[in-house]
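To keep things clear, I will list the structure first and then write my remarks on it.
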Amino acid sequence: MKLDELNKVAQAMVASGKGILAADESSGTIKKRFDAIGVESTEDMRRDYREMLFRSAEGMKHISGVILYDETIWQKAKDGTPLVELIKKAGAIPGIKVDEGTKPLPFCPGEVVTAGLDKLPDHLPKYYEQGARFAKWRAVIDIGAGIPTYTCIRANAHALARYAALCQVNQIVPIVEPEVLMDGDHDIDRCYQVSELALKALFHELYLARVKLEGMVLKPNMVVPGKKSAKQASVDEVAEKTLRVLKECVPAAVPGIAFLSGGQSDLDATARLNAMNRMGGGPWKITFSYSRALQAAPQKAWSGKVENVPAAQAAFTHRAAMNGLASMGKWSPELEKKAA
Ligand code: 13P
């Protein structure tokens with residue numbers, strides 16, 4: 001393993017003014033997204049849609065890396081150019097989602113653990129050869145009555161650490177994603193408590209697995225109230241509590257933190273990221289690794305029609321630019337309106 005090279009890639013993933021485009025929806029998830037805009041999820045439509053994003057020259061200026069799903073990393077654009085080459089030409093680093101989704105966790109009703117570890121020694125070298133320089137594995141922690149259990153927190157942290165170590169020995173930067181879901185009616189302090197538990201357990205397991213923190217990127221949730229909570233939080237409260245839990249739990253050796261959007265509105269995801277960068281004070285870069293908060297607008301604008309490609313690319317460029325500004329604390333609601 002060459003740690004200096006892993007560190008260079010990790011630094012580039014969180015470079016100032018840029019963030020990560022999570023375009024790694026599984027076949028099931030992209031079908032859900034396409035259903036919502038009335039588009040049939042065929043291999044060609046998925047290719048056309050993602051090609052449209054990667055060819056958004058202006059939007060891609062704000063993108064440091066793109067997380068791909070297995071199907072996409074092998075796909076070619078309509079003109080025969082591999083999609084991975086389009087991403088590189090746009091100045092971004094190709095990455096790959098390597099988990100196989102979740103499975104029920106034995107003896108823990110309602111909880112899941114992420115699967116796919118056994119395939120990694122075989123798959124990671126092939127992905128590296130195909131151009132991937134980073135990977136992603138997502139653990140899912142739900143909040144509800146009596147959950148999460150420590151069994152779930154620990155099983156998922158252990159799997160994340162095993163995955164991260166396997167990535168690093170294969171010269172791939174792991175994005176380590178412990179996602180505390182924002183479903184449910186819990187308040188923001190309950191999310192804080194569970195996020196703290198998940199992060200403390202995670203960094204303990206990463207240490208035991210001998211993962212080098214300089215060669216990884218953390219992809220956490222923000223600390224937010226559940227979607228169904230009667231008590232919603234201000235932008236500043238979310239930013240303060242998220243920064244506080246990260247300062248409590250994430251060592252300074254980690255180069256960067258790239259948030260998931262997790263079902264927040266596009267504007268919340270941007271405003272909260274911006275507020276954190278305004279407040280500052282952490283030792284790591286703070287940016288985005290959004291799927292929904294970058295793609296909801298272009299998906300709607302595109303709706304599967306060739307004639308809508310320019311409008312969809314403009315919508316993607318707008319969200320990418322706004323989040324790029326937020327990653328430097330330079331976004332404002334006025335800029336949002338002016339640029340729209
Ligand atoms: P969202 O931004 O839609 O939460 O997706 C990010 C991601 O990659 C989830 O694993």
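Please treat every number below as a calculation from the coordinates, not as lab data. Values in this document were obtained by computation on a predicted structure and should not be read as measured data. For neighbour counting, all protein chains shown are included, and Cβ atoms are generated from backbone atoms with ideal geometry for every residue, glycine included.
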Global geometry of the stretch 5-140, whether rounded, prolate or oblate, following the gyration tensor of its Cα atoms and the 1.5 cut on a/c: oblate
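The stretch 75-111: which trypsin sites (Lys or Arg not before Pro) are DSSP loop and have at most 12 other beta-carbon atoms within 10 angstrom? Working shown, then result.
Details: sites: LYS76, LYS78, LYS88, LYS89, LYS97; in loops: LYS78.
Answer in residue order: LYS78.
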Computed [θ] at 222 nm, deg cm²/dmol, the chain (DSSP H ≥ 4; -39,500 (n - 2.57); rounded to nearest 500): -15000 deg cm²/dmol
Sequence-distant lysines (8 or more away, or on other chains) whose Cα lies within less than 23 Å of LYS88: LYS2, LYS8, LYS18, LYS61, LYS76, LYS78, LYS97, LYS126, LYS136, LYS219, LYS285
Residues ILE30, ILE67 arranged by fewest to most Cβ contacts within 10 Å: ILE30, ILE67
Cα centroid separation - the stretch 62-139 against the stretch 299-333, whole Å: 23
Normalised contact order of the chain, rounded percent, pairs of Cα under 8 Å and 6 or more residues apart: 19
Eligible lysines near LYS228 by straight Cα distance, threshold 22 Å, same-chain separation 8 or greater: LYS32, LYS241
